[in-house]
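Just below is one structure, and these are the notes that go with it.
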Amino acid sequence: MTFLILSDIHGSAACLETALASFESKVDAIILLGDYLNHGPRNPLPEGWDTKRTAELLNARKEKLICVRGNCDSEVDEMMLKFPCLNAYSTIALPTQGGIRRIFLHHGHLYDRAKLSSWLPKGTIVLSGHTHVTVMEEENGLFYFNPGSISLPKCEDGKTCGILEVESGKLKTESCKIKIGLYSIEGKLIRECEV
């Protein structure tokens with residue numbers, strides 16, 4: 001199974017269209033880590049800012065979406081979006097021979113690493129956005145991945161997103177391989193690792 005990981009769209013239909021054109025045909029589902037329509041009071045308007053078009057693009061893919069709420073998301077956004085998007089966090093459970101491998105999704109503004117370390121079992125993959133800064137690192141037995149922002153990057157990697165791949169046919173084995181890649185929204189691999 002392959003997931004496209006997007007965060008911090010902030011209403012940029014142009015950047016969302018670029019990311020979808022680069023990856024949508026290669027993925028089974030899309031993980032959205034919050035901040036869908038609004039740019040927030042501290043951010044400039046992103047390139048191609050069009051909240052109605054952004055909502056249309058996301059609504060057309062609602063069957064493929066797994067979502068969490070960002071700090072710029074509110075009940076008024078859910079009036080435009082035809083899928084649930086206001087949960088503070090979500091979990092994906094991948095069955096393995098020894099139990100499950102968790103993927104924990106949150107935006108990044110509510111739970112810090114100390115809280116997550118006390119909550120989550122070792123081996124959990126933690127996906128978050130919020131900072132607009134890319135992260136790929138392990139700490140205290142958890143693997144942290146932040147795909148950055150597709151519209152308003154705050155790091156040298158530029159406008160980025162992620163791909164999480166679970167090796168097909170191996171899910172219920174102990175040696176299930178999960179690969180995470182950081183990509184430009186145009187489809188160029190920046191870096192990847194196995195977790």
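Rounded to two decimals, the Cα-based Rg/Rh of segment 80-146, with Kirkwood Rh, is 0.99.
The lysine pair count for the chain, using Cα distances under 15 Å and pairs eight or more places apart or on different chains, is 8. Reducing segment 102-124 and segment 19-97 to their Cα centroids gives an inter-centroid distance of 20 Å.
Across all Cα pairs in segment 91-195, the calculated P(r) in 5 Å bins from zero up to the longest distance comes to 3, 12, 22, 23, 19, 13, 6, 2, 0 percent per bin.
Dividing the mean sequence gap of close Cα pairs (under 8 Å, 6+ apart) by how many residues the chain holds gives a relative contact order of 22 percent.
Computed with a 1.4 Å probe over protein heavy atoms only, the accessible surface of the chain comes to 47 Å² per residue.
What's the carbon and sulfur percent of segment 1-149's accessible surface, probe 1.4 angstrom, rounded to a whole number?
Values: 3290 of 6570 Å².
Percent of accessible area from carbon and sulfur atoms in segment 1-149: 50.
For segment 124-171, the Kirkwood hydrodynamic radius from C-alpha pairs, put into Stokes-Einstein at 10 °C and a viscosity of 1.306 mPa s, yields a diffusion coefficient of 136 µm² per second.
For n ≥ 4 DSSP H runs only, could you compute -39500 (n - 2.57) per run for the chain, divide by its residues and tell me the 222 nm figure to the nearest 500?
-4500 deg cm²/dmol
Compute a Gaussian network model of the chain, connecting alpha carbons closer than 10 Å, and tell me which residue from P153, P41, P121 fluctuates the most. Evaluated over the chain, the most mobile residue of the options is P41.
Under a 5 Å amide H cut-off, with hydrogens placed 1.01 Å from N, T96 pairs with R101 among residues at least 5 apart or on other chains. Distant-in-sequence amide contacts of V126, defined by a placed amide H-H separation under 5 Å and a gap of 5 or more residues or a different chain, comprise F104, F143, Y144, F145. Among C161, C176, C67, whose mean-square fluctuation peaks in a Gaussian network model of the chain (Cα, cutoff 10 Å)? Most flexible of the set in this elastic network: C176. Say we join alpha carbon atoms closer than 10 Å with springs in a Gaussian network model of the chain; which of E47, E139, E24 then has the biggest fluctuation? Taking springs between Cα atoms under 10 Å, the residue moving most is E139. Across all Cα pairs in the chain, the calculated P(r) in 10 Å bins from zero up to the longest distance comes to 9, 39, 37, 13, 1 percent per bin.
Among bridges DSSP assigns within the chain, what percent are antiparallel (round to 5)? All intermediate terms of the calculation are to be shown ahead of the outcome.
Values: 30 of 43 bridges.
In the chain, approximately 70 percent of DSSP beta bridges are antiparallel ones.
Using θ = phi - 60° in the Karplus curve 6.51 cos²θ - 1.76 cosθ + 1.60, the 3J(HN,Hα) couplings for segment 21-34 round to 4, 6, 10, 4, 6, 9, 10, 8, 8, 10, 9, 10, 9, x Hz; x is entered for Gly and Pro.
The values are calculated or read from the model by the stated rules, or taken from the named source; none is laboratory data. The model shown is predicted, which means the values in this text are computed figures rather than measured ones. Note: areas computed on protein heavy atoms with side chains; ligands, DNA, RNA excluded. Shrake-Rupley method; radii C 1.70, N 1.55, O 1.52, S 1.80 Å.
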